[in-house]
Amino acid sequence: MLQPSDKALVPFVSVDDMMKLVHHIGIEPMLKGIADYIEADFRRWELFDKTPRIASHSQEGVIELMPTSDGEVYGFKYVNGHPKNTKEGLQTVTAFGLLADVNTGYPVLLTEMTVLTALRTAATSAMVAKYLAPKGSTTMAMIGNGAQSEFQSLAMKAICGIDSVRLYDIDSAATDKAARNLAGMGLNVVKCSTAEESMEGAQIITTCTADKQCATILTDNMIGSGVHINAIGGDCPGKTELAPAILHRSDIFVEYPEQTRIEGEIQQMEDDHPVTEMWEVISGKQAGRTNPEQITLFDSVGFAIEDFSALRYVRDNIKGTELFIDLDLLADPDDPRDLFGMVQRASSEA
């Protein structure tokens with residue numbers, strides 16, 4: 001039987017291995033580690049290729065490719081978003097990703113990213129909140145208690161130091177699920193019956209709902225001064241969560257304006273509505289939170305550089321472990337010009 005050469009093999013992290021990696025490292029240390037990688041890449045933001053993600057929209061959802069490169073390593077993520085899927089027993093979001101060596105074009109990592117996307121989204125939210133949330137924040141309202149809610153809660157605990165999360169979802173079973181999963185995780189978990197109730201005493205408000213529509217999860221009268229809003233549910237054209245009046249009262253921070261103006265909350269605003277890019281805040285070029293009364297809004301849609309950071313983190317942290325398999329992914333003929341000969345020889349060596 002023809003055996004693949006070392007050049008043909010690419011490390012592959014399966015869902016099972018990704019879950020084992022989470023437990024090997026610990027979920028909170030892993031969230032902090034991914035956040036550190038994201039923050040480091042935001043500091044070198046200008047080195048990266050940047051483009052709005054390539055999206056194929058349908059009535060049911062969206063399928064996207066999210067590519068970027070820092071000039072030495074190339075990465076992309078395939079991801080979908082189909083809100084109807086949960087009714088069919090399927091995930092709303094699934095994903096996989098790849099890193100490659102720019103010098104040769106050869107892949108160096110292939111991995112599941114359904115779990116990893118949840119981790120990187122939460123890590124990004126908390127990394128940003130570290131800069132924008134009121135100092136000493138202890139409580140977060142978590143509106144939308146689906147697949148992302150527990151990750152968001154634990155990331156805010158690990159990175160921002162919150163000790164209480166107030167849960168609300170229109171589906172009380174989702175809230176029960178999130179509360180059950182967060183039990184014993186070091187958070188005071190409060191189940192709420194309305195969105196308004198969930199915001200009582202909260203300095204950080206996270207919205208994470210899935211319906212592909214222009215919804216109003218937060219109305220203007222629900223938002224007082226001095227809070228940080230982490231709006232992560234809007235992620236495609238025609239899908240928003242916040243009343244426009246909230247945007248007018250807030251200082252808005254984004255990942256990549258060219259993408260956020262298409263997909264984020266600011267798609268409701270004029271094209272020139274002022275926003276601040278988070279990489280500039282992290283690099284010290286722009287101010288973040290400047291006063292206690294300020295309403296800060298992270299209009300998060302997810303960007304390829306965050307996935308690149310998460311992929312780098314996984315690549316570095318599977319070294320020396322058995323939490324991957326070598327996948328025979330690349331053809332490697334003895335003579336690079338004789339691919340056909342390699343195929344022919346396989347018949348006699350089978």
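Laboratory data are not the source of any read-out in this text; all were calculated from the coordinates shown. All values reported here derive from a predicted model rather than from experimental measurement. Please note: Cβ atoms are built from the backbone with ideal geometry, for glycine as well, and neighbour counts cover all protein chains shown.
Computed over region 133-302, relative contact order equals 22 percent, with contacts defined as Cα pairs under 8 Å that lie 6+ residues apart.
Most simply put, the chain has about 50% antiparallel DSSP beta bridges, counting only bridges with both residues inside it. Relative to the current alpha-carbon distance between residue 225 and residue 270, full extension at 0.36 nm per residue lengthens the span by 13.8 nm.
Remark: the residue 5-residue 280 segment gains 94.5 nm on full extension, using 0.36 nm per residue and subtracting the alpha carbon distance.
Principal axis extents of the Cα atoms in region 68-137, from largest to smallest and rounded to whole angstrom, are 46, 40, 14. Here the Gaussian network model covers the chain, with springs between Cα atoms less than 10 Å apart; of 69, 193, 58, 58 fluctuates the most. Site pair residue 328 and residue 44 shows an inter-label distance of 3.6 nm when each label is modelled 7 Å from Cα along Cα→Cβ.
The modelled label-to-label distance for the pair residue 316/residue 163, using points 7 Å beyond Cα in the direction of Cβ, is 3.2 nm.
For the pair residue 171 and residue 59, the difference between a 0.36 nm per residue extended length and the Cα-Cα distance amounts to 38.0 nm. Please find the FRET efficiency linking residue 101 to residue 36, where r is the Cβ-Cβ separation and R0 is fixed at 41 Å, and quote it to the nearest 0.05. So, using R0 = 41 Å, E works out to roughly 0.95. Here the dipole of region 133-302 is about 600 debye; that uses its Cα centre as origin and unit charges on the Cβ of Lys and Arg (positive) and Asp and Glu (negative). Using a cutoff of 8 angstrom between alpha carbon atoms and counting only pairs six or more residues apart, the relative contact order for the chain works out to 21 percent. Applying 1/(1 + (r/R0)^6) with r as the Cβ-Cβ distance of residue 92 and residue 347 and R0 = 45 angstrom yields a FRET efficiency of 0.50. Note on the chain: with charges restricted to the Cβ of Lys and Arg (+1) and Asp and Glu (-1), its dipole about the Cα centre is near 720 debye. Cα centroid separation, region 233-278 to region 96-140: 21 Å. Measure out, as a whole number of angstrom, how far apart the alpha-carbon centroids of region 285-350 and region 1-53 sit. The two parts, judged by their Cα centres, are 6 Å apart. In the chain, the longest principal axis of the Cα atoms and the axis of helix 15-25 are about 60 degrees apart.
Using R0 = 45 Å, the C-beta based FRET efficiency linking residue 20 and residue 193 works out to 0.75. For the chain, the equivalent ellipsoid built from the Cα gyration tensor has semi-axes of 38, 22, 19 Å, listed from largest to smallest. Of the trypsin sites (Lys or Arg not before Pro) found in region 286-350, the ones in coil according to DSSP and having at most 10 other Cβ atoms within 10 Å of their Cβ are 319, 337. The alpha carbons of region 133-302 occupy a box of 44, 33, 27 Å along the principal axes, longest dimension given first. Between 248, 317, 300, the Cα set farthest toward the positive side of the dipole of region 220-324 (charges on each charged residue's Cβ, about the Cα centre) is that of 317.
Using alpha-carbon pairs under 8 Å, 6+ residues apart, how would you state the relative contact order of region 239-319 in percent? It rounds to 38 percent for region 239-319. Rounded to the nearest 10 degrees, the inclination of helix 172-182 to the longest alpha-carbon principal axis of the chain is 70 degrees. Every helix of 4 or more DSSP H residues in the chain counts as -39500 (n - 2.57), and over all residues that averages to -9500 deg cm²/dmol at 222 nm.
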